[in-house]
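Below is one structure, written out as structure tokens; the observations come after it.
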Amino acid sequence: MTDNQRDGGAGLSPIEDVIADAAAGKLFILVDDEDRENEGDLCVIGEWADAAAINFMAKHGRGLICLALTRARTEALGLSLMERRNENRHQTAFTVSIEAREGVTTGISAGDRAHTVRTAINPQCTAKDITTPGHIFPLVARDGGTLVRAGHTEAVVDIARAAGQVAPSGVICEIMKDDGEMARLPDLIGFAVEHGLKIGSIADLIAYRRSSETLVQRAVETVMTGRIGGEWRLMIFENTISGVEHVALIKGDISTPEPVLVRMHSLDMMTDVLGEISERRSGRELETAMQTIADKERGIVVLLRESTNTSLSETISAAINGTPVHDTASGLREYGVGAQILHELGVRRMVLLSDRPANVISLDGYDLEIVDWRRLNGEPAATAE
């Protein structure tokens, strides 16, 4: 049994078995990890999303039926994002809804939706073959998949690719209970047994991919004297998919087995360099975290520089108006690249520095564990106000 396989004791199947079922055209369920509070999605590879599969999702899943596509495919279809500045709390990348231009009636029937899916994933079809709005909701998977973003969108595309699909895609649908509430892992296990489905976790999928892949490589290493905290080791890591470079600032000896103090920080030029724009996010967050780690004489600051569709003018306007702007520091589902950087640095157990407690998604897929989290000033979260 490999490190990324499970014995099924937690109700989860080895990810290799899930991939095999997916390749055979079977539906499967994806959850983030073993957490009992996890919600789950019914999934099927796009090629196998026939009327029966769509009907099963509508009848038994009950959630929104979405089509996960690669960025290249959505561009080929000319699909624009539903919102340029995404305020969804999970940063799920919805495009405008679609319908097949030909071969459908109302568009809502299982057969019509299956036809729309077939049209959208057919490499011979282009933007002229679809119309908007419609009854299928495309989602754009991030380049790099679950090693960049630990989302269900990326996971189903990863599984489709692992199952041998040259143009990977997948249809997903949240699973709801009879009372309309979201099904949690204990409910999902019973659901899977009833319908003969396997449950796989995104954490296991990440571990499966990480066993043979990495999306970061060390580019530069030096020593710098910072305005805050004195001397730091500075390393630049490149995302091999996007080409974006990220920064790791290291204080002290992080090779010892004790948990390492870690700040994951989405680098924002406007606030981190120029100062505070609003009370929502202070430009002093990075300074405070660096000083806290310097005081402890041991820790890491990871500065993430992911590309964004949000312009500087939109960022400033949102700050002035008090509306949300994507902040990686509060969107830990996005931390795939940062997690890989930590793993490359040898970190396995950490204490997370953040003023906002968050549910960290699928970090065990990177062999990482958060043992505690503290305020940016280093105070225990339980006592700090």
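Residues of the stretch 1-39 being crowded, with 16+ Cβ neighbours inside 10 Å, of a type outside the set (A, V, I, L, M) and modelled with pLDDT of 95 or more, which ones?
The answer is Ser13, Pro14, Asp17, Asp21, Lys26, Phe28.
May I ask you to verify whether Leu249 is of a type in the set (A, V, I, L, M, F, W, C) and at pLDDT 95 or above?
Spelling it out, Leu249 is indeed of a type in the set (A, V, I, L, M, F, W, C) and at pLDDT 95 or above.
Identify the single condition in (1) within 30 Å of Ile293 (Cβ to Cβ); (2) of a type outside the set (Ser, Thr, Tyr); (3) surrounded by fewer than 20 Cβ atoms within 10 Å (Cβ to Cβ) that Arg210 does not satisfy, given that it satisfies every other one.
So Arg210 meets the others, but not (3).
Pull up the stretch 124-176, narrow it to residues that are at pLDDT 95 or above and polar (S, T, N, Q), then point me to the one that is nearest to Ala22 (Cα to Cα).
Ser169
Looking at Val44, Val18, can you tell me which residue is in a helix (DSSP H, G or I) and in contact (Cβ under 8 Å) with a residue 40 or more places away in the chain?
Val18
Which of (1) of a type in the set (Gly, Ala, Ser); (2) in a helix (DSSP H, G or I); (3) over 22 Å from Pro14 (Cβ atoms) is the odd one out, the single condition Ser242 does not satisfy?
(2)
The values are calculated or read from the model by the stated rules, or taken from the named source; none is laboratory data. No experiment lies behind these values; they were computed from the predicted model shown. For neighbour counting, all protein chains shown are included, and Cβ atoms are generated from backbone atoms with ideal geometry for every residue, glycine included.
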